[in-house]
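The values are calculated or read from the model by the stated rules, or taken from the named source; none is laboratory data. Values in this document were obtained by computation on a predicted structure and should not be read as measured data. Methodologically, a virtual Cβ is constructed for each residue, glycine included, from the backbone with ideal geometry; neighbour enumeration extends over all protein chains shown.
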Amino acid sequence: MVKRSETSGRLDDAARAGWLYYVAGRTQDEIASAMGISRQSAQRLVSLAVAERLIKVRLDHPIAACLELGNQLRKKFGLKHVEIVPSDPGSSSTTVGIAEAAASEIERWLKRPDPIVLAVGTGRTLKAAVDQLPAIECPNHRIVSLTGNIAPDGSAAYYNVIFSMADAVKARHYPMPLPVLVTSAEERELLHGQQLVRSTLAISAQADVTFVGIGELGIDGPLCVDGFLEKDEMMELMRGGAAGEICGWIFDADGKLLDNPINERVASAPIPSRDSSVVIGIAKGKRKFKAIRAAISGHQVNGLITDEETAEFLLNN
């Protein structure tokens, strides 16, 4: 007989108690009776389920202040979709809140009855959102990656999300079999000329909705941390006026793509047309203020999921 470890057994009990409380709507007294434990033990198990993030909660009730901030942002920047979540002053996370909101929006699109093409970028925030998705059957939809799924050393890119989506979403998935950056414009042209890549690029251009992260620049930014750019390359970009990036595409403070050798090496698909696709950026936090403002003011995205603090910055600057 296989015995449960003490830790595993306690987490199993916590998951059961959490399910009974949050999903089944049972009281702590009822949970205690059902599990044959004391009320105090039931309370501790429910708390443990939350602490270990075994329970994922979505807030369905709209908050008036967030709705008002969203309306103001939509009017100021001409955005098609805006969702603002409450800020948590005590949290240092760059994903909590917006990841859950993004997951809900992705799920809404995937549950549409008519066939759609849904494009995704990459990054920590988007992966956190995809990890929140429930199992969904949508065989008529197509999901395509705008960015490559290969890291600079040839390994699988950790924050590429399309394979994570494939675990939960039953649809046709089209990965981009390339790195984010290649060594030269000539290499990009050669790779983009391959039939497999050409078909993925063609599908991405048809996207009905697109979800992307908005990356800040700097030596602590994703492109440096994940090994795609050297520190001296990043500093040169910033001296040249770079403010942010989406799927590796680097833009200035006005949201215009920079004409420089780095963008010539980006192997990602172009961001789908904002005239025909809802392109939703998912980002928050002071480190990303400059990049987010540039992205929405320059219409690199026409939708935004962010938090109250970021929204207030965007409205006042």
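In the stretch 105-119, the residues that are farther than 18 Å from ALA135 by Cβ and in the same structural domain as VAL209 (by TED's automatic domain parsing) form Cβ pairs under 9 Å with partners that are small (Gly, Ala, Ser) and assigned to a helix (DSSP H, G or I), at six or more places apart or across chains, as follows: VAL117/SER204; ALA119/SER204. In this structure, is THR125 crowded, with 19+ Cβ neighbours inside 10 Å, polar (S, T, N, Q), under 17 Å from the mean Cα position of the chain (by Cα) and closer than 21 Å to ALA269 by Cβ? In short, yes. Of all residues in the stretch 269-299, which are closer than 19 Å to ALA129 by Cβ and of a type outside the set (Val, Ile, Thr)? Those that are closer than 19 Å to ALA129 by Cβ and of a type outside the set (Val, Ile, Thr): PRO272, SER277, GLY281, ALA283, LYS284, GLY285, ARG287, LYS288, ALA291, ALA295. Check the stretch 247-255 and report whether any residue there is assigned by TED's automatic domain parsing to the domain that holds LEU181, farther than 25 Å from LEU118 by Cβ, surrounded by fewer than 24 Cβ atoms within 10 Å (Cβ to Cβ) and not small (Gly, Ala, Ser). Yes, some residue in the stretch 247-255 is assigned by TED's automatic domain parsing to the domain that holds LEU181, farther than 25 Å from LEU118 by Cβ, surrounded by fewer than 24 Cβ atoms within 10 Å (Cβ to Cβ) and not small (Gly, Ala, Ser). For the stretch 275-303, residues that are modelled with pLDDT of 95 or more and part of a loop (DSSP other than H, G, I, E, B) total 7.
Among the residues making up the stretch 164-202, those that are touching a His at 6+ places or on another chain (Cβ under 8 Å) and under 11 Å from SER145 (Cα atoms) are MET165, LEU201. Criterion first (without any contact (Cβ under 8 Å) to a residue 12 or more places away in the chain and either in a loop (DSSP other than H, G, I, E, B) or assigned by TED's automatic domain parsing to the domain that holds GLY281 (or both)) does ALA202 satisfy it? In short, yes.
Taking into account only those residues within the stretch 29-40 that are small (Gly, Ala, Ser) and surrounded by fewer than 16 Cβ atoms within 10 Å (Cβ to Cβ), which is nearest to the chain's Cα centre (by Cα)? Give the steps one after another, and end with the answer.
In the first step, residues of the stretch 29-40 are kept if they are small (Gly, Ala, Ser); the result is 32-34, 36, 38.
Those left that are additionally surrounded by fewer than 16 Cβ atoms within 10 Å (Cβ to Cβ): 33-34, 36, 38.
Numbers: SER33: 41, ALA34: 38, GLY36: 41, SER38: 41 Å.
If we take residues in the stretch 29-40 being small (Gly, Ala, Ser) and surrounded by fewer than 16 Cβ atoms within 10 Å (Cβ to Cβ), then ALA34 is nearest to the chain's Cα centre (by Cα).
Residues that are touching a residue at least 40 places away in the same chain (Cβ under 8 Å) and crowded, with 16+ Cβ neighbours inside 10 Å within the stretch 166-186 comprise VAL169, ALA171, MET176, LEU178, PRO179, VAL180, LEU181, VAL182, listed in sequence order.
Can you name the residue in the stretch 248-261 that is in a loop (DSSP other than H, G, I, E, B) and touching a helix residue (DSSP H, G or I) at 6+ places or on another chain (Cβ under 6 Å) and is also nearest to ALA101 (Cα to Cα) among such residues?
We begin by selecting, within the stretch 248-261, every residue in a loop (DSSP other than H, G, I, E, B); these are 248, 253-256, 258-261.
Remaining after also requiring touching a helix residue (DSSP H, G or I) at 6+ places or on another chain (Cβ under 6 Å): 253, 255.
Working: ALA253: 27, GLY255: 25 Å.
Restricting to residues being in a loop (DSSP other than H, G, I, E, B) and touching a helix residue (DSSP H, G or I) at 6+ places or on another chain (Cβ under 6 Å), the top hit is GLY255.
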